[in-house]
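Here, each number is a calculation from the coordinates, and none is a lab measurement. It should be emphasised that the depicted structure is a prediction, and the values quoted were computed from it without experimental measurement. Positions of Cβ are backbone-derived with ideal geometry, glycine not excepted, and every protein chain shown enters the neighbour counts.
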Amino acid sequence: MSSFGALGKSTDYPSTYDPCLLFAIPRQEARSQLGLTAPLPFTGQDIWNAYELSWLDKDGRPRCGLAEFIVPADSPCIIESKSFKLYLNSFNQTRIGDSERLRQMLVRDLSAACGSAINATLLPANASHGFPVEMLTGEVIDDLEADINYYGPPEPLYLTISEETQVGETLVSHIFRSNCPVTNQPDWASIQIRYIGRRMDREGLLRYLVSYRTHNGFHENCIEHIFADILRQCRPLQLSVYGRFTRRGGLDINPYRCTEGMGMPGNIRLIRQ
């Protein structure tokens, strides 16, 4: 298997349960490229939502549902997204029993792959409260009058601050795009940045986010890249960066990184998700 597992390859979809399909990628390699070493300047989590989850009950009847997986940001590894999809599909023709039995298997296998305890919540497919569509709070910066002609690689020098009094604000952009580092397929996201500190130049922030447009990086790495650059360039007292990425293969990945004390986000679902 290549360094990125099944990603980018023609793959036969398994029909029976196989936890060996999960392919773990150590976080530290990408973090080292950003100069991030222990102790990390952030805490956080990766929120995975699965919309195509199915299995067989004890009588062989198909069941389906939704799932939320919470992976702590300090876990040693992330899971390659295509391998995650193949793993979930391996339950399709496997007699599991009830949803609690399935949840226990998911927690066990995913925790082993990540190297840290993960949380899993399963909901019925018709759950009226499952993943409600909401909006990210904050001021949208996408329509700022800015002449943009640079699209990568990411340029942290666009990030500047004023000498004004400290502020606390939340800024949002819906035009973020990066690319899969293996397949080069585009990844789309909405980004929410909350901070307390000297006021950030909004046009510069918009230019900075646009500079990811041709960048190749996994979702988790991109959010950590943004967090690290803002922290170094703007030196806020508090900071959080939240990425809500559109789904692929029935999965969406939503990384969140923050300084201590900012708290964890709710798992909302945006209209594009």
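Quick notes
- Cα-only radius of gyration and Dmax that characterise the chain, units Å: 19.4, 68
- Neighbour-count order for D12, D18, D98, D252, fewest beta carbons within 10 angstrom listed first: D12, D98, D18, D252
- Over the chain, relative contact order from alpha-carbon pairs under 8 Å, at least 6 apart, %: 22
- In this simple spin-label approximation, A117 and R232 carry label points 7 Å from Cα along the Cα→Cβ vector, and these lie 3.5 nm apart.
- Among D59, D74, the order by Cβ neighbours within 10 angstrom, fewest to most, reads D59, D74.
- Whole-Hz ³J(HN,Hα) from phi, Karplus 6.51 cos²θ - 1.76 cosθ + 1.60, for region 36-49, glycine and proline x: 9, 10, 5, x, 5, x, 9, 10, x, 7, 10, 9, 9, 10
- Label reach from N184 (point 7 Å along Cα→C-beta): in region 201-239, no amide nitrogen lies under 11 Å.
- A cut-off under 10 angstrom between Cβ atoms defines the neighbours of P156, and their net charge, with Lys, Arg +1 and Asp, Glu -1, is -1.
- Take every DSSP beta bridge whose two residues both sit in the chain; close to 90 percent of them are antiparallel.
- When the alpha carbon gyration tensor of region 198-273 is reduced to an equivalent ellipsoid, its three semi-axes come out at 22, 17, 11 angstrom, largest first.
- Taking only the Cα atoms of region 139-258, the ratio Rg/Rh comes out at 0.96, with Rh defined as the Kirkwood radius.
- Solution diffusion estimate, µm²/s, Stokes-Einstein, region 19-124, Kirkwood Rh from C-alpha pairs, 37 °C, viscosity 0.692 mPa s: 224
- Helical contribution to [θ] at 222 nm, DSSP H n ≥ 4, -39,500 (n - 2.57), averaged over the chain, rounded to 500: -6000 deg cm²/dmol
- Each label was represented as a point 7 Å from its Cα along the Cα-to-Cβ direction; for R202 and A146 these points are 1.1 nm apart.
- For region 247-253, backbone phi angles converted through the Karplus equation (6.51, -1.76, 1.60; θ = phi - 60°) give residue-by-residue couplings of 7, 9, x, x, 10, 10, 10 Hz, Gly and Pro being listed as x.
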